[in-house]
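Q: Below are the structure tokens for one structure; questions will follow.
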Amino acid sequence: MGIRNLLLDVANTYDKSMGVKRGVFAQDRLRQVAEEWAPALPFGCEAEGYGGKGEGSATPWIGVYDPDVTRDPKEGLYLAYIYAADLSTVTLTLQQGVTSLEPTLGTGKRRQAYLWGRARAIAAGLPPAALNDWADVPDFKCDLPRPLSYEAGSVAARCYQTASLPDEDQLRSDLRAMVELLQRAALVAERLKPGEDGDGWDVPADVREYRGLDGFRPKNDSDYITHFPARTVRKKRIHERLISEFAPFVEKRGFVPITRDVHPKDLVIRKGGVEWLVEAKVVKRANPTLAVRQAVGQLLEYQHFLYRRAERGTPHLLGLFTEDIGRYADYLEELGMGSVWRIPEGWAGSPSAVAWGLVQ
């Protein structure tokens, strides 16, 4: 059903006085977020709805998490769709964990001041252009401590009027953009240091701009330039999920996927005596460049050492990615390699992948 329908269902039916018991429609809808939104979320992300504990929340909300950043809304950075108390708006906001600060800062103005200062420091560590479309100031129309802390802790936000929500495609596009911003903000947050005078935060200069290839997505051949990443972050969990979801998909299309005893290869696919060597890569921070480079290098290396040198023939080569790699699909085709990537509806691929029957 998608993001929009559920957001509207909660906006149109939520009633704090109804409590949190099962059978309360809006609360049940919030409980359904994880399953219902799964196909709409950027790959690897998870969602969960919150309508209160014991009693209904004044400002119900839905958390969206990148588990490589945090899975706990009490700490770290995450995304949230937070409703105003009068349900007139729902705000997509890049949030900081609030609850974990209570033992040291309490729930009042000290906590709000800390969150506000840290939010401004994280924002200062991002390229200004990254925040151009996310400059809304949340107003949850509630004087309770937690909503006030959510307002103070917002790093970036976009406020939607529930009476005129954007369409589903726009909501998904906004969420993808915000997940990319979350991942970049996490790099800044982990490098923040308290100011030398004990007041404010120091943002190291080397995180004020994109690092390495972060944010680099060439739109055409002329956009291509050589970069080297400042660091490589392994994304083992998402990598394994990518393979585990693709394998049964191709099996239904008549291929035999093999993951056992193929190390160091990610995946081998066979059909009718033909073999495909598959290298899976996670595309992070709007940047397919590094993922494609790594896939090409490993596919050629494995083809040389594990097949040709071992006199095992020459397999077809396939790059498997968590999202669309754009013009790099053409680049891989020129190298004789196919590519497949995740889309909300399932899987898509390059001309070779289509010709092989891996995707339609």
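The values are calculated or read from the model by the stated rules, or taken from the named source; none is laboratory data. Just so you know, these numbers come straight off a predicted model, no measurement behind them. Cβ sites come from the backbone with ideal geometry, for glycine too, and all protein chains shown count toward neighbours.
Q: Identify all residues within region 334-360 that are among the charged types (D, E, K, R) and either surrounded by 13 or more Cβ atoms within 10 Å (Cβ to Cβ) or touching a helix residue (DSSP H, G or I) at 6+ places or on another chain (Cβ under 9 Å) (or both); write none if there are none.
A: 342, 345
Q: I've got another one for you. Select from region 85-100 the residues that are within 25 Å of residue 135 (Cβ to Cβ) and outside any loop (DSSP other than H, G, I, E, B) and list them in ascending order.
A: 89, 90, 91, 92, 93, 94, 95, 96
Q: Among the residues of region 36-84 satisfying the criterion of being in a helix (DSSP H, G or I) and modelled with pLDDT of 95 or more, which is surrounded by the fewest Cβ atoms within 10 Å (Cβ to Cβ)?
A: 36
Q: State which residue pairs qualify: first residue of a type in the set (Phe, Trp, Tyr) and inside region 264-289, second residue surrounded by fewer than 17 Cβ atoms within 10 Å (Cβ to Cβ) in any location, beta carbons under 9 Å apart, and separation of 6 or more residues or different chains.
A: Partner pairs satisfying both residue conditions: 276/270.
Q: Where the second residue is part of a loop (DSSP other than H, G, I, E, B) and hydrophobic (A, V, I, L, M, F, W, C) and the first is within 12 Å of residue 357 (Cβ to Cβ) and lies in region 243-261, which pairs have Cβ atoms under 8 Å and are six or more apart or on separate chains?
A: Pairs that qualify, where the first residue is within 12 Å of residue 357 (Cβ to Cβ) and the partner is part of a loop (DSSP other than H, G, I, E, B) and hydrophobic (A, V, I, L, M, F, W, C), are 250/358; 253/358; 255/358.
Q: Which ones in region 309-326 are charged (D, E, K, R) and exposed (fewer than 12 other Cβ atoms within 10 Å of the Cβ)?
A: Across region 309-326, the qualifying residues are 309, 311, 312.
Q: Moving on. Out of 161, 112, 183, I need the residue that is more than 22 Å from the chain's Cα centre (by Cα) and more than 16 Å from residue 91 (Cβ to Cβ). Which one?
A: Exactly one residue qualifies, and that residue is 112.
Q: Buried (at least 18 other Cβ atoms within 10 Å of the Cβ), modelled with pLDDT under 95 and in a helix (DSSP H, G or I), is that true of residue 242?
A: yes
Q: Looking for something part of a strand (DSSP E or B), closer than 25 Å to residue 41 by Cβ and not basic (Lys, Arg) - is there at least one such residue anywhere in region 251-260?
A: yes
Q: So which residues in region 49-69 are touching a residue at least 60 places away in the same chain (Cβ under 8 Å), touching a strand residue (DSSP E or B) at 6+ places or on another chain (Cβ under 6 Å) and more than 15 Å from residue 140 (Cα to Cα)?
A: 64, 69
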